[in-house]
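K.L.:
The structure follows.
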Amino acid sequence: MIVCIAEKPSVARDIAEVLGAHTRKEGYIEGNGYQVTWTFGHLCTLKEPHEYTPNWKSWSLSSLPMIPPRFGIKLIGHDPGIEKQFHVIEWLMQNADEIINCGDAGQEGELIQRWVMQKAGARCPVKRLWISSLTEEAIREGFSKLKDQAEFQSLYEAGLSRAMGDWLLGMNATRLYTLKYGQNKQVLSIGRVQTPTLALIVNRQLEIANFEPKQYWELKTNYRNTTFSALIRKSDEEIAAEEEKNGGKKKIDNPGIDPIANREEGEALVERIKDLPFVVTNVGKKDGKEYAPRLFDLTSLQVECNKKFAYSADETLKLIQSLYEKKVATYPRVDTTFLSDDIYPKCPAILKGLRDYEVLTAPLAGTTLLKSKKVFDNSKVTDHHAIIPTGVYAQNLTDMERRVYDLIARRFIAVFYPDCKISTTTVMGEVDKIEFRVTGKQILEPGWRVVFAKEVKDPTEEKEEEDENVLPAFVKGESGPHIPDLNEKWTQPPRPYTEATLLRAMETAGKLVDNDELRDALKENGIGRPSTRAAIIETLFKRNYIRKERKNLIATPTGVELVQLIHEELLKSAELTGIWEKKLREIEKKTYDARQFLEELKQMVSEIVMSVLSDNTNRRITIQDAVAAKAEEKEKKEPKKRERKPSTPKEKKPKAEKTTNEVKTDSPGSPAPVAMAASTPSAAGEVDAFVGQPCPLCGKGTIIKGKTAYGCSEWRSGCTFRKNF
């Protein structure tokens, strides 16, 4: 018998349907020579400290660093539903002739299923189903091209290294900082990705707080109802930076007047030119193209949804995951914006399936679709391609899902439309040897722009370049009267991070980059993975390290104090963390040794412990009370939709920790507070871990919270699952 193991009951049902397995059994579906079973996401995790050495149960500085000689795995928690399902899987696998790993086609999905197979003692050959969508066609194609598990060994090693690295750093650093600097038995949570992300927000906040605005003046003049700006000479530093950027190949022209130092100087310039004629010295016209926006990877989709709809990164991830499971979108946890060449022949059928967009797809029907290297590039695609529609008709979507789907569908349609043709006009003028300039833009052929309806711009967002700014017809040599004006300006502080800009900063390890190509190069050193960044941000909310003011992310006093308390750059530098992330990606690509990575991490953890223990100052951190923080947020009338309920982490028993994702320390979050002697688990922590999980009994519903117990959302349909508080 061939055993197939999927990550969720719903996916298992889809696979069983395609394979012709229709007989429902306890915890699996059987038929046609197959037994299709499932997990509920993570069934296994790395063991807790006290399960390696009993002495590690109580928190003490003398036991640090905790470095297990060999890591072990265990079942998560003491949930009867999880234990029951695991025993079903174990029995199936020990009697199987072959196993097909149908887990999520990514690093985390590989790790989840490998751990289950190890724990179940699987000994038979294992094949891997690797698909990018859950449509019937994709599943059939995947089963016709099953791969050997050995091909994914490096992917598993990268996931395992990440989990062990997160355990080593998260467990040790959390205990170290809590015992050394914490007060009143409050836990200070430190994580490999969580802490540098918090540091990005805190550093930006301090930059804004310490910003000193500087006054400056701009000289402008209005000629023929068009505002021209005086050219300002660049500083030597700006010139040097530009020359370095182009490699010194091109000499930089530096025309213009010196920066206006004060109002008197500016007013003298206005007086000097106001009665003299404005002369047009040059009219330059340049035709160009604008390419369609790139297809979405997960981060760019989260950024766009945050900008347009104010969805959090976590909300967007859940919505696109739902669209994937409804078979209308492809695999979401991707970090490429390109498609592989083998997708091109399937594109006409996908476009035909977008029935709600026939007005836009009709002009493409029956034509040879454009095949741009900016869209189709095998060298830019590894495991998965960009997020696109599957061509399955999108119906029964919620309003929020429909919005996300619309973004994906329009991006996909737009890449097959012609480029947008534009004309850029630059007009130069002069008054008494002072040079002025204005630039205009005209859209000659809209091309792909017709796919995107005019969107309402958010006034709080940074203004982007205007779509069109058509200038009057100017002729070189013409002249006439003009009205000069002096504008007083102040330098502006950087903007606080929003979830959109923070995701971009995480993607490029804190470097601010607008260019797509440059961003691609920096992605190698980004912190976190596309699939875990949303959870990292959510973890910072839950720990009460950050809060939200409208769209802005603001560090709480606790968050600021924690970052200022940490002197070890390795723990809070996005750039240094990005280097660790790069090594993990190299393990996946087989260019870096997993054992060396762990040895380096163990060395780093030992150095951090020694450094903190040698601190003789009596520094302590004040943890802001979560209730007070919540009341403060209410006072500020934060929108109800995104209102948070941060819970200050309390001590927990090691056993209680099992119900949370202890080992997924930074994937999805940093280690939840583990244990400091005996204490009761916080109800909030339990809810966070349990509510919303798939029902272990029926597999259809999700866990909901009642007055005295947890239950299943499918209780009306007869599900009897119940777990008392």
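The values are calculated or read from the model by the stated rules, or taken from the named source; none is laboratory data. Predicted model, so just to flag it, every value in this text is computed and none were measured. Here the Cβ is made from the backbone with ideal geometry for all residues, glycine too, and neighbour counts use every protein chain on show.
K.L.:
Here is a list of conditions, (1) without any contact (Cβ under 8 Å) to a residue 60 or more places away in the chain; (2) in a strand (DSSP E or B); (3) charged (D, E, K, R), and ARG410 meets all of them except one; can you say which number that is?
P.N.:
(2)
K.L.:
Taking the conditions exactly as written (surrounded by 16 or more Cβ atoms within 10 Å (Cβ to Cβ) and either assigned by TED's automatic domain parsing to the domain that holds LEU111 or farther than 29 Å from LYS147 by Cα (or both)), does LEU19 satisfy them or not?
P.N.:
yes
K.L.:
Is the range 170-182 home to any residue that is outside any helix (DSSP H, G or I) and either among the aromatic types (Phe, Trp, Tyr) or not assigned by TED's automatic domain parsing to the domain that holds TYR52 (or both)?
P.N.:
Checking the range 170-182: at least one residue is outside any helix (DSSP H, G or I) and either among the aromatic types (Phe, Trp, Tyr) or not assigned by TED's automatic domain parsing to the domain that holds TYR52 (or both).
K.L.:
From the list TYR331, TYR405, TYR393, which residue is under 26 Å from ILE139 (Cα atoms) and out of contact with any Asp or Glu (no Cβ under 9 Å at 6 or more places or on another chain)?
P.N.:
TYR405
K.L.:
Still on this structure: Of all residues in the range 415-433, which are touching a residue at least 40 places away in the same chain (Cβ under 8 Å) and either part of a loop (DSSP other than H, G, I, E, B) or buried (at least 22 other Cβ atoms within 10 Å of the Cβ) (or both)?
P.N.:
Scanning the range 415-433 gives VAL415, PHE416, TYR417, PRO418, ASP419, VAL427, GLY429, VAL431, ASP432.
Residue-by-condition table, conditions (1) of a type in the set (Gly, Ala, Ser); (2) in contact with a helix residue (DSSP H, G or I) (Cβ under 6 Å, 6 or more places away or on another chain):
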site	(1), (2)
ILE190	no, yes
VAL193	no, yes
ARG224	no, no
THR227	no, no
LYS234	no, no
ALA241	yes, no
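K.L.:
Among helices (runs of 4 or more DSSP H) lying entirely in the range 447-558, which contain 2 or more residues that are modelled with pLDDT of 85 or more, within 24 Å of the chain's Cα centre (by Cα) and buried (at least 16 other Cβ atoms within 10 Å of the Cβ)?
P.N.:
Counting at least 2 such residues, we get 499-507, 530-542.
K.L.:
While we're on this one: Out of ASP335, ASP287, I need the residue that is more than 30 Å from THR426 (Cα to Cα) and not assigned by TED's automatic domain parsing to the domain that holds TRP130. Which one?
P.N.:
One residue alone meets the criteria, ASP335.
K.L.:
For the list (1) crowded, with 22+ Cβ neighbours inside 10 Å; (2) under 19 Å from GLY526 (Cβ atoms); (3) modelled with pLDDT of 95 or more, I need the number of the one condition that ILE388 fails.
P.N.:
It fails just one condition, (2).
K.L.:
Quick check on the range 204-213. Is at least one of its residues surrounded by fewer than 17 Cβ atoms within 10 Å (Cβ to Cβ), touching a helix residue (DSSP H, G or I) at 6+ places or on another chain (Cβ under 8 Å) and either in a helix (DSSP H, G or I) or small (Gly, Ala, Ser) (or both)?
P.N.:
Looking through the range 204-213, at least one residue is surrounded by fewer than 17 Cβ atoms within 10 Å (Cβ to Cβ), touching a helix residue (DSSP H, G or I) at 6+ places or on another chain (Cβ under 8 Å) and either in a helix (DSSP H, G or I) or small (Gly, Ala, Ser) (or both).
K.L.:
Within the range 124-144, track down each residue that is of a type in the set (Asp, Glu) and touching a helix residue (DSSP H, G or I) at 6+ places or on another chain (Cβ under 8 Å). Lay out the reasoning, then the answer.
P.N.:
Looking only at the range 124-144, we keep the residues that are of a type in the set (Asp, Glu), and these are 136-137, 141.
Across the range 124-144, the qualifying residue is only GLU136.
K.L.:
For the range 305-326, enumerate the residues that are buried (at least 21 other Cβ atoms within 10 Å of the Cβ) and among the hydrophobic types (A, V, I, L, M, F, W, C).
P.N.:
Across the range 305-326, the qualifying residues are CYS305, ALA313, LEU317, LEU319, ILE320, LEU323.
K.L.:
Here is a follow-up. Output the residue which, of all residues in the range 262-291 that are hydrophobic (A, V, I, L, M, F, W, C) and within 24 Å of PRO472 (Cα to Cα), is nearest to the chain's Cα centre (by Cα). Even if it seems obvious, please write down each step before you answer.
P.N.:
Within the range 262-291, the subset hydrophobic (A, V, I, L, M, F, W, C) is 268-270, 273, 276, 278-280, 283.
Those left that are additionally within 24 Å of PRO472 (Cα to Cα): 273, 276, 278-280, 283.
Working: ILE273: 52, LEU276: 56, PHE278: 51, VAL279: 51, VAL280: 49, VAL283: 45 Å.
Across the range 262-291, the extreme among qualifying residues is VAL283.
K.L.:
Would you call GLU581 surrounded by fewer than 18 Cβ atoms within 10 Å (Cβ to Cβ), at pLDDT below 90, among the charged types (D, E, K, R) and closer than 29 Å to PHE71 by Cβ? Steps first, please.
P.N.:
Values: surrounded by fewer than 18 Cβ atoms within 10 Å (Cβ to Cβ): no; at pLDDT below 90: yes; among the charged types (D, E, K, R): yes; closer than 29 Å to PHE71 by Cβ: yes.
Considered against the rule, which asks whether it is surrounded by fewer than 18 Cβ atoms within 10 Å (Cβ to Cβ), at pLDDT below 90, among the charged types (D, E, K, R) and closer than 29 Å to PHE71 by Cβ, GLU581 comes out as no.
K.L.:
Among the helices (runs of 4 or more DSSP H) confined wholly to the range 298-403, which include 3 or more residues that are within 22 Å of GLY528 (Cα to Cα) and touching a residue at least 24 places away in the same chain (Cβ under 8 Å)?
P.N.:
Answer list for the range 298-403: 298-309, 313-325.
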